[in-house]
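Only one structure is covered here, and it is reproduced in the block below.
The values are calculated or read from the model by the stated rules, or taken from the named source; none is laboratory data. Predicted model, so just to flag it, every value in this text is computed and none were measured. Glycine also receives a Cβ, built like all others from the backbone with ideal geometry; neighbour counts cover every protein chain displayed.
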Amino acid sequence: MIELVRPTQIVLGVSYLNSSIGNLLRYPGGEQLYVLELGYRKYLWRNLHLELQILPQYVTCNDTIAQKSYSEFGLASEIRLGYLFNFDIFDVPFYVNCQWFCGYYLYNPKPQSFVEVDGGSFYISPVPMFLIGIKF
């Protein structure tokens, strides 16, 4: 029997983002984000899914224009469309999750010079995101 629609899932994870994405956006400096991912995943067809996430995060930015460093907590929400690829290595169940996403900062902790580059609180991913993990 082929399972076409899988059940919904609760998503819990941690992630780290360094300044390499800031280079794509041409930020006036670097940034690092430490993120706790809390979400709800609904499978639409096979491994195609839609996620709603709330992302509490700790953000550090080094502004090269103002010659200042900023560190603050932020809160974002995202909607993601993705596909999950499952595979086993030595009988350990791994996955790669490819997702496109857009989001909105409910509280944006970035300095004004960064906000002027990325347009503010609403954002759309310029490239897909790849998440790698182990299934439990």
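Conditions (1) among the acidic types (Asp, Glu); (2) within 20 Å of Ser125 (Cα to Cα), marked per residue:
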| residue | (1), (2) |
| --- | --- |
| Tyr27 | no, yes |
| Gly30 | no, yes |
| Tyr34 | no, yes |
| Tyr43 | no, no |
| His49 | no, yes |
| Gln53 | no, yes |
| Gln67 | no, no |
| Glu72 | yes, no |
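Kindly indicate the residue of the range 107-127 that is closer than 16 Å to Glu78 by Cβ and of a type in the set (A, V, I, L, M, F, W, C) and also modelled with the highest pLDDT among those meeting that condition.
Per the criteria, the residue is Phe122.
Taking the options Ser71, Ser125, name whichever one is in contact with a Phe, Trp or Tyr (Cβ under 9 Å, 6 or more places away or on another chain) and surrounded by 12 or more Cβ atoms within 10 Å (Cβ to Cβ).
Ser125
So which of Val115, Val127 ends up being more than 15 Å from the chain's Cα centre (by Cα) and farther than 16 Å from Arg41 by Cβ? I'd like the intermediate steps shown before the answer.
Details: Val127 fails: more than 15 Å from the chain's Cα centre (by Cα).
That would be Val115, the only listed residue that is more than 15 Å from the chain's Cα centre (by Cα) and farther than 16 Å from Arg41 by Cβ.
Take the conditions loosely packed, with under 15 Cβ neighbours inside 10 Å, part of a strand (DSSP E or B) and in contact (Cβ under 8 Å) with a residue 24 or more places away in the chain and apply them to Asn62. Does it pass? Full working, then the answer.
Details: loosely packed, with under 15 Cβ neighbours inside 10 Å: no; part of a strand (DSSP E or B): yes; in contact (Cβ under 8 Å) with a residue 24 or more places away in the chain: yes.
Spelling it out, it is not the case that Asn62 is loosely packed, with under 15 Cβ neighbours inside 10 Å, part of a strand (DSSP E or B) and in contact (Cβ under 8 Å) with a residue 24 or more places away in the chain.
Being among the small types (Gly, Ala, Ser) and surrounded by 11 or more Cβ atoms within 10 Å (Cβ to Cβ) is the filter; apply it to the range 1-23 and report the residue that is modelled with the lowest pLDDT.
Here is the first cut: in the range 1-23, the ones among the small types (Gly, Ala, Ser) are 13, 15, 19-20, 22.
Cutting the leftovers down to surrounded by 11 or more Cβ atoms within 10 Å (Cβ to Cβ) gives us 13, 15, 19, 22.
Details: Gly13: 87, Ser15: 87, Ser19: 65, Gly22: 52.
Within the range 1-23, the match that is modelled with the lowest pLDDT is Gly22.
I need the full set of residues from the range 24-41 which are among the basic types (Lys, Arg) and surrounded by 14 or more Cβ atoms within 10 Å (Cβ to Cβ), in order please. Reasoning before the result, please.
As a first pass, look at the range 24-41 and keep what is among the basic types (Lys, Arg): 26, 41.
If the condition is that a residue be among the basic types (Lys, Arg) and surrounded by 14 or more Cβ atoms within 10 Å (Cβ to Cβ), then Arg41 is the only one that fits.
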